[in-house]
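Trainee: Let me give you the structure first, and then I'll get to my questions.
The values are calculated or read from the model by the stated rules, or taken from the named source; none is laboratory data. Values in this document were obtained by computation on a predicted structure and should not be read as measured data. Virtual Cβ from ideal backbone geometry, glycine too; neighbours counted across all protein chains shown. Each accessible area value is taken on the protein alone, full model and side chains, heavy atoms only, with ligands, DNA and RNA left out. Shrake-Rupley method; radii C 1.70, N 1.55, O 1.52, S 1.80 Å.
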Amino acid sequence: QVQLAESGGGSVQAGGSLKLSCRASGVTFRNYYMAWFRQAPGREREFVARIHWNGGGVLHADSVRGRFTISRDNRLDILRLQMDGLQSEDTAVYYCAAGGTSGKSPGDYAYWGQGTQVTVSS
């Protein structure tokens, strides 16, 4: 059974930093494209960043480029998202996702974590 478990969310003031982690189990992690999405109340789930199975193909959404960094460790089966310069607009539930193809749509990913809340106060 594939499981993705996010951690590292919390509350922070604007300008602060958080580091999210997503631990995978029940899956050969290194075979999958991985991504982070987020969903704010009343809004659709939106793409944040993605990374190819081999650590290449890194892409960040325009709204987070230069502030967030996606990475992965295939030895530990962990996906990470370093978030710096957080803004109130970054407040959302953050989800990690795994899939057989890379993309920016939620439909491109078959497996999802339960999400972790990030709250940024101004």
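Trainee: Tell me which of these V64 doesn't satisfy, since it passes every other one: (1) under 11 Å from the mean Cα position of the chain (by Cα); (2) within 16 Å of Y95 (Cβ to Cβ).
Mentor: (1)
Trainee: Checking W53 against (1) at pLDDT below 95; (2) under 19 Å from A40 (Cα atoms), which single condition isn't satisfied?
Mentor: Of everything listed in (1) at pLDDT below 95; (2) under 19 Å from A40 (Cα atoms), W53 misses just condition (2).
Trainee: Further question: Tally time: how many residues in the stretch 34-45 are outside any loop (DSSP other than H, G, I, E, B) and surrounded by 16 or more Cβ atoms within 10 Å (Cβ to Cβ)? Give the steps one after another, and end with the answer.
Mentor: To start, the set of residues in the stretch 34-45 that are outside any loop (DSSP other than H, G, I, E, B) comprises 34-39.
Pick out the ones that are also surrounded by 16 or more Cβ atoms within 10 Å (Cβ to Cβ) and you get 34-38.
Summing the residues that are outside any loop (DSSP other than H, G, I, E, B) and surrounded by 16 or more Cβ atoms within 10 Å (Cβ to Cβ) in the stretch 34-45 gives 5.
Trainee: Let me ask something else. Has the stretch 54-62 got any residue that is among the polar types (S, T, N, Q) and either free of Cβ contacts under 8 Å to residues at least 40 places away in the same chain or within 22 Å of G16 (Cα to Cα) (or both)?
Mentor: For the stretch 54-62, residues among the polar types (S, T, N, Q) and either free of Cβ contacts under 8 Å to residues at least 40 places away in the same chain or within 22 Å of G16 (Cα to Cα) (or both): present.
Trainee: Open to solvent by 40 Å² or more (accessible area, probe 1.4 Å) and farther than 24 Å from S121 by Cβ: does that describe S7? Break it down into steps so the answer makes sense when it comes.
Mentor: Numbers: open to solvent by 40 Å² or more (accessible area, probe 1.4 Å): yes; farther than 24 Å from S121 by Cβ: no.
It is false that S7 is open to solvent by 40 Å² or more (accessible area, probe 1.4 Å) and farther than 24 Å from S121 by Cβ.
Trainee: Another question, if that's okay. Answer yes if at least one residue in the stretch 10-23 is open to solvent by less than 30 Å² (accessible area, probe 1.4 Å) and modelled with pLDDT under 95, and no otherwise.
Mentor: no
Trainee: Filter the stretch 72-116 down to the residues that are at pLDDT below 95, of a type in the set (S, T, N, Q) and surrounded by 14 or more Cβ atoms within 10 Å (Cβ to Cβ) and list them by number.
Mentor: S102
Trainee: Can we say K19 is in a loop (DSSP other than H, G, I, E, B), under 13 Å from the mean Cα position of the chain (by Cα), closer than 24 Å to V120 by Cβ and touching a residue at least 40 places away in the same chain (Cβ under 8 Å)?
Mentor: Numbers: in a loop (DSSP other than H, G, I, E, B): no; under 13 Å from the mean Cα position of the chain (by Cα): yes; closer than 24 Å to V120 by Cβ: yes; touching a residue at least 40 places away in the same chain (Cβ under 8 Å): yes.
The answer is no for K19.
Trainee: Can you pull out the residues in the stretch 24-33 that are surrounded by 13 or more Cβ atoms within 10 Å (Cβ to Cβ), among the hydroxyl-bearing types (S, T, Y) and assigned to a strand (DSSP E or B)?
Mentor: Start the filter on the stretch 24-33 by keeping residues that are surrounded by 13 or more Cβ atoms within 10 Å (Cβ to Cβ), which leaves 24, 27, 29-30, 32-33.
With the extra rule that they be among the hydroxyl-bearing types (S, T, Y), the set shrinks to 32-33.
If the condition is that a residue be surrounded by 13 or more Cβ atoms within 10 Å (Cβ to Cβ), among the hydroxyl-bearing types (S, T, Y) and assigned to a strand (DSSP E or B), then Y33 is the only one that fits.
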